[in-house]
Ligand code: ADP
Ligand code: MG
């Protein structure tokens with residue numbers, strides 16, 4: 001299917017062309033015709049699936065462009081407000097539509113001036129409520145869009161939203177988009193939508209297949225080493241590392257900076273100017289690693305983030321979906337990597353079930369593995385490098401005193417120092433150990449299924465989380481694997497890890 005089938009006006013088709021969109025995404029395919037028919041709509045689809053265009057295109061198609069503010073889009077954060085208005089501006093400019101972005105912290109007068117000239121407003125709830133309640137502005141939009149509704153709820157904007165709607169005309173078309181549909185959002189939908197149609201991108205479609213999801217089991221004290229090793233191995237283009245708390249963001253930022261990476265921290269209580277500056281540096285590639293909390297990275301839309309790392313697994317599935325949605329954007333491939341301690345394996349299972357996805361269990365590459373890979377890359381590079389005149393001169397000079405083979409050895413040594421892989425050889429748990437732990441977690445859950453599934457305390461109470469108990473987990477894991485391996489013969493984890501070469505690594509053996 002192409003965009004032509006929507007019969008958009010020429011100016012809009014031109015804008016779609018210029019944006020480089022070839023084919024509507026699933027949510028766009030389903031939502032656009034319903035919106036064009038004039039229906040209210042609830043759209044549920046994961047981040048990065050093109051929800052902005054799903055409402056933006058049909059609304060712009062229906063706008064007349066001479067009636068003041070015809071469309072109001074409410075979004076949870078300033079970053080999102082800017083991103084969404086950029087995108088809507090792109091689609092609307094060929095038709096001469098003006099877009100204004102409204103958020104807290106900016107001067108009132110300028111904002112009001114821009115609102116008075118705009119056809120489309122993209123606003124955050126706080127400032128919008130403020131402007132409406134103080135009667136600084138009145139709005140009469142025919143189209144009202146609530147974007148990322150679940151994030152609004154998470155950020156505590158529910159009351160503002162309800163209040164804002166008391167200032168809006170009853171006779172309007174209302175569209176609501178959300179990655180997830182918690183109960184309170186369903187209730188809100190009943191209040192603000194009129195006989196809505198709904199578009200749900202089903203679970204299998206909902207998980208963005210451009211994102212490969214992997215997890216690695218490590219002891220708590222190994223997280224830093226694991227992260228460094230994986231970054232060394234995966235060589236990300238740009239990556240985001242998610243932490244649970246600001247404190248952790250700060251600590252990890254200092255640590256990664258000390259390791260020589262270009263790092264920036266992003267957390268909720270940063271000054272707006274500083275945030276924008278930081279995000280711009282990331283987009284431009286001046287910063288290669290972002291370290292962020294959930295809230296700080298909400299909606300962040302940077303197209304070429306190759307990897308998302310969860311330093312800790314997030315507490316809930318919705319955060320997980322939001323986090324991994326920062327990669328695999330705009331048709332690019334992405335990888336989402338989660339570090340878990342043995343105690344957290346059950347959380348992996350729960351998230352997989354909630355989200356309808358599979359995370360692949362992998363083993364952290366050994367120092368030797370990373371080193372060989374880098375050596376090979378270096379050899380390939382040497383073979384493909386063009387010789388520069390200055391290099392010839394340098395070798396000539398060296399040849400006065402040193403024989404040519406020794407020169408080659410010396411130069412190779414210097415180059416190799418640059419790709420030296422650090423850290424201990426083996427980090428984290430091996431395939432067999434992880435398999436056994438998963439099996440054990442499964443059996444535990446089976447055992448107390450009748451008694452409320454969140455209450456299985458076994459793993460927790462045993463698990464402490466410092467280095468020593470990590471060892472304890474391991475030996476238990478290895479032992480139980482002997483007993484239970486039969487049941488797992490069809491297990492998929494095993495085959496994915498290329499069991500052969502991993503087997504020789506003898507992890508956890510010292511405990512037996
Ligand atoms: P969501 O709101 O669902 O998280 P966005 O609307 O922000 O997703 O879209 C994510 C990215 O995909 C944006 O960079 C957007 O320009 C791009 N995009 C959206 N629809 C298409 C499409 N049909 N073809 C190509 N790229 C698209
Ligand atoms: Mg969006």
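Show me the helices (runs of 4 or more DSSP H) entirely contained within the range 270-353 in which 3 or more residues are crowded, with 21+ Cβ neighbours inside 10 Å, in the same structural domain as residue 181 (by TED's automatic domain parsing) and in contact with a helix residue (DSSP H, G or I) (Cβ under 6 Å, 6 or more places away or on another chain). Qualifying helices (runs of 4 or more DSSP H): none found.
All but one of (1) surrounded by fewer than 24 Cβ atoms within 10 Å (Cβ to Cβ); (2) near ligand 2 (Cβ under 9 Å from one of its atoms) hold for residue 79, so report the exception by its number. Residue 79 satisfies every listed condition except (2).
Under the condition of being without any contact (Cβ under 8 Å) to a residue 40 or more places away in the chain, near ligand 1 (Cβ under 10 Å from one of its atoms) and in a loop (DSSP other than H, G, I, E, B), the residues counted in the range 24-50 number 3. For the range 158-173, which positions are surrounded by fewer than 20 Cβ atoms within 10 Å (Cβ to Cβ) and in contact (Cβ under 8 Å) with a residue 60 or more places away in the chain? Answer for the range 158-173, where residues must be surrounded by fewer than 20 Cβ atoms within 10 Å (Cβ to Cβ) and in contact (Cβ under 8 Å) with a residue 60 or more places away in the chain: just 168. Is it the case that residue 269 is out of contact with any strand residue (DSSP E or B) (no Cβ under 8 Å at 6 or more places or on another chain) and within 28 Å of residue 419 (Cα to Cα)? Criteria not met by residue 269. The set of residues in the range 14-23 that are within 23 Å of the chain's Cα centre (by Cα) and either modelled with pLDDT of 90 or more or not in a loop (DSSP other than H, G, I, E, B) (or both) contains only 19.
The values are calculated or read from the model by the stated rules, or taken from the named source; none is laboratory data. Just so you know, these numbers come straight off a predicted model, no measurement behind them. In this analysis, Cβ positions are derived from the backbone assuming ideal geometry, glycine residues included, and neighbour counts consider all displayed protein chains.
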